[in-house]
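Please treat every number below as a calculation from the coordinates, not as lab data. Keep in mind it's a predicted model, so treat the numbers as computed, not measured. As a convention, Cβ positions derive from the backbone with ideal geometry for all residues, glycine included, and neighbour counts pool all protein chains shown.
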Amino acid sequence: MSSILVSLASSHDNPDRATVSFVVASAAAASGQDTTVFLSADGSWLGKKGEADKIHEDGFAPLADLMAGFVEAGGKIMVCSPCAKKRGIAPADLVDGSVIAGGAAVVALMAAGAHTISY
């Protein structure tokens, strides 16, 4: 099984990019790939409960539904630790299936051979 890392640095600032990243991540997870989404910069907002509910890009399922389906398919979400701290996002604020993680976790996935895509 391959490992897939989707890096997302957008949320409210670019709903299209945020949505498409979870469409791709969901496809990877549903096909049996070990898939992780890393939320950084503005994308870290999506790690906070309720934020994805505010995003629904025309032509796509609501982002909150895509994220829930991704986690149900076995996907994992990591929220950048300094990005979360900057935005006041605490572990108790996180959506299901997500954890706060530092850059070392991302580097470890890449060093282990994860295929990466960034949005």
For the range 60-114, take every pair of Cα atoms, bin their distances at 5 Å starting from 0, and report each bin as a whole percent. 4, 18, 21, 21, 21, 12, 2
Output ordering of 99-112, 11-24, 38-51 (per-residue mean of other Cβ within 10 Å, highest first) is 38-51, 11-24, 99-112
Rotationally averaged projected area of the range 1-47 (alpha carbon convex hull; nm²): 2.8 nm²
In deg cm²/dmol, rounded to the nearest 500, the helical mean residue ellipticity at 222 nm of the chain, built from -39500 (n - 2.57) for every DSSP H run of length 4 or more, is -10000 deg cm²/dmol
Whole-number percent relative contact order across the chain, with pairs defined as alpha carbons under 8 Å at least 6 apart: 34 percent
Would you mind pulling out the separation of the Cα centroids of the range 96-119 and the range 10-41, in Å? 12 Å
Sequence-distant residues sharing a close amide H with Val79 (under 5 Å, placed H): Leu39, Val99, Ile100, Ala101
Counting just the Cα atoms, what span does the chain cover along each of its three principal axes? Round to the nearest Å and put the largest first. 34, 32, 22
